[in-house]
1. Please order Tyr38, Tyr53 by the number of other Cβ within 10 Å, starting at the fewest.
2. Once the Cβ-Cβ distance between Leu107 and Thr32 is put in as r, and R0 is 35 Å, what FRET efficiency do you end up with, to the nearest 0.05?
3. Cut-off under 16 Å on the C-alpha distance; same-chain residues fewer than 8 positions from Lys70 excluded. Which lysines are left, in chain and number order?
4. Count the net charge of all other residues whose Cβ sits under 14 Å from the Cβ of Glu149, scoring Lys and Arg as +1 and Asp and Glu as -1.
5. I need the phi-derived Karplus couplings for region 135-141: 6.51 cos²θ - 1.76 cosθ + 1.60, θ = phi - 60°, integer Hz, Gly and Pro marked x.
6. With a cut-off of at most 10 other beta carbons within 10 Å, and DSSP calling the residue loop, which trypsin sites (Lys or Arg not before Pro) in region 29-72 qualify? Please list them.
7. So which of Lys62/Lys95; Lys99/Lys184; Lys33/Lys99 end up more than 29 Å apart, counting from Cα to Cα?
Amino acid sequence: MGLLLLRLLLFTPTLAASLSLPPQEDVASIMTKMETAYGRVDEYQMETEVREYRDGRIVETKRFRYTFKKPNHIRLDFEAPYPGMILVYPDEDGKAVVKPGGWAGFLRFHLAPDSSLVKASAGQRIDQTDMGLLIQNISHSVSDQRRGEVRLAEEDGRVVIEVLAEDHFLAGISTLYRFYIDEKLWLPVEVQEFTPDGIVKRDVLFRGLKTSIGITDGFFRIGRGNGKDEQSGG
């Protein structure tokens, strides 16, 4: 099958049945490789783009640099739609700290992780954004939370897993997921979400993943408007 035809099939609402690789061992092997790969990672940084859709049309695009250090340190440096804004989680009280960009950069807002201001429309909280949790959710999607057939394919050095499953963040909702896994890194590089009938809801892309870059704990602390934020990191 030609690469062009494969690409066309991958961007239809469901993968063609002819691309399925039915043995369940294949899915188990992929999950083991991802879990092993992530187990070797202590910290990582990547450029992230999140496209939100309504009725199949893009309504918002967010771009930010995402930095994570085990066990749970998170930092987002926004490019759009809030250039210069920084979000760090957690502070000493377990809250998310938001430092606006531009002239308001001296301000600090401390918000609960489930605040609507730091939660995606898909119901995902800031403390539910790390790759380790994503891998766990993929595992659930192809096993106990599966609502349909698991389909596998390959595209440009990536394994593609498609499955209808319980939504990762919205109880009682079914979502058609398409997970793209880099075959060299064995880590996720894109997640597409559709309604059960194939209407796109969200597309999350990870680019330029870097690991073992010597990120300090200070990189995940931003001061309370004293001008002494620590900026050391990848």
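1. Details: Tyr38 21, Tyr53 17.
Ascending Cβ contact count within 10 Å gives the list Tyr53, Tyr38.
2. Details: r = 46 Å, r/R0 = 1.31.
Once the sixth-power term is evaluated, E becomes 0.15.
3. Candidates past the 8-residue exclusion: Lys210.
4. Net of charged neighbours comes to +2.
5. 4, 4, 5, 4, 4, 5, 5
6. Those satisfying the criteria are Arg40.
7. Values: Lys62/Lys95 22 Å; Lys99/Lys184 36 Å; Lys33/Lys99 37 Å.
Beyond 29 Å between Cα atoms: Lys99/Lys184; Lys33/Lys99.
Rule-based calculations on the coordinates, nothing more; no lab input. Given the structure is predicted, the values throughout are model-derived calculations rather than measurements. Methodologically, a virtual Cβ is constructed for each residue, glycine included, from the backbone with ideal geometry; neighbour enumeration extends over all protein chains shown.
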